[in-house]
Amino acid sequence: SARNASTGAQALQSLSQRPPRVLVTGSLGQLGLALVNEMRTRYGVGNVVASDIRKPTAGLPIAHPEGPFVYADVMNYPLLERIIVDFQIDWVVHYSAMLSAVAEKEPARALNVNITGFQNVLELSRIHKLRLFCPSTIGAFGPQTPKINTPDLTIMNPNTIYGITKVHMELLGEYYHEKFGVDFRSARYPGILSVDTMPGGGTTDYAIDIFHHALQTNSYNCFLKPETRLPMMYISDCIEGTLQLMEAPVEKLTQRVYNMAADSFTPAELDVAIREHYAPDFQMNYVPDSRQAIADSWPASLDDSLARRDWGWKPQYDTAAMVHKMWTGIAAQYT
Ligand code: AKB
């Protein structure tokens, strides 16, 4: 396996004369939009192929709308293969997935999208010698996982469909790396906060919704309890960290899946920060729903020291800085 890995590395080094050609699945989602914009700036507009199953609608923050955009259903293996060959793709960033809350509502579809979709891009990465990034998540952990400073290697046992599909993804990616030398890389993302793009059906979505509601109605019905502490990260840290991991020389990586954290907060802390600094009369109500059980099964903070050591991960935004970016950025949308 070591020989396979180093052959893969040599193949990639010979590409270093030119930027990578990248396919991003799920490119119209919260993370895909931001990653494609940044990659097009770094690698060239024509080198980053954005794909999704919807049309880009007016108003989406697409910085280079002239760049290549294709329809790609990740369950359609021949179509994916055709895109990879036609565009001579070197790297795939597989962002297409159903998130925790929607996956609980539609388990059969989530299994298809998250498991079959990933198996397709993984197998294509083996055949066409691609570097493959697929995000994992705090949702890959479960109720038996140590909650504070959760390490990379620990008890997983998630009890959600989403978590199960992400553990499957991690294990299969590691297996393909060991067995076939596939350059699979993954980071376990916390909840990601963004101004321009909306999340799609997760448990951490409250931390974005709250700003929109505070700015529009000065109140918010939070679907998690006040003391629910979860790891969170600002989107530019997420994108920068993902690119650091993607670009890291293969010899720096001592494992294939890394925790990646920035800060953690609770709904109550967000409420206080908003009232103290931005909207003194803001009214937060707590109306926990089925997403509470999902959040309760996840860690409150992650130990990401191996990401820091191996590929230089270092977030820029703590909670106060995230709240500032979110408030000012979203306020600008409503003025
Ligand atoms: C979700 O809440 O499902 C996602 C995640 C943490 O993976 N944001």
*On average, how much area does the Cα convex hull of the stretch 59-119 cover when viewed from any direction, in nm²?*
5.6 nm²
*Mind checking which lysines have their Cα closer than 22 Å to the Cα of K225? Skip sequence neighbours fewer than 8 apart in that chain.*
K105, K147
_Dipole magnitude of the stretch 226-299, debye to nearest 20 (Cβ charges: Lys/Arg +1, Asp/Glu -1, about Cα centre)_ = 260 debye
*What span do the alpha-carbon atoms of the stretch 156-307 cover on each of the three principal axes, reported in whole Å from largest to smallest?*
57, 30, 25
*asked:* Using C-alpha positions alone, give me the convex hull volume of the stretch 161-207 per residue in cubic angstrom.
replied: 90 Å³
*Which Cα, out of L80, G142, I115, lies furthest along the positive dipole direction of the stretch 73-142 (beta carbon charges, K/R +1, D/E -1)?*
G142
*At what distance in angstrom do the alpha carbon centres of the stretch 261-316 and the stretch 21-79 lie from each other?*
28 Å
*Can you give the convex hull volume per residue for the Cα atoms of the chain, as a whole number of Å³?*
124 Å³
*Could you state the angle between the C-alpha long axis of helix 319-333 and the longest principal axis of the C-alpha atoms of the chain, as a value from 0 to 90 degrees rounded to the nearest 10?*
90 degrees
*Of K166/K325; K179/K314; K129/K166, those spanning more than 25 Å from alpha-carbon to alpha-carbon*: K166/K325; K179/K314
_Given the -39500 (n - 2.57) contribution per DSSP H run of 4+ residues, what per-residue ellipticity at 222 nm results for the chain, rounded to the nearest 500 deg cm²/dmol?_
-13000 deg cm²/dmol
_If you fit an axis through the alpha-carbon atoms of helix 117-128 and take the longest principal axis of the Cα set of the chain, what angle between them do you get, 0 to 90°, nearest 10?_
30 degrees
*Does anyone have the angle between helix 267-277 and the longest principal axis of the chain? Alpha-carbon axes, 0 to 90°, nearest 10?*
70 degrees
_For a bin width of 5 Å, list the pair-distance distribution of the stretch 225-335 built from all Cα-Cα distances, rounded to whole %._
2, 11, 17, 18, 17, 15, 10, 6, 3, 1, 0
*Along the three principal axes, how long is the stretch 138-223 when you take its alpha carbons, biggest first, rounded to the nearest angstrom?*
54, 29, 23
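Only the coordinates and a few stated rules stand behind these numbers; no lab work does. Keep in mind that what you see is a predicted model, and the values were worked out from it rather than measured. No Cβ is skipped: glycine too gets one built from the backbone with ideal geometry, and neighbour counts run over all protein chains shown.
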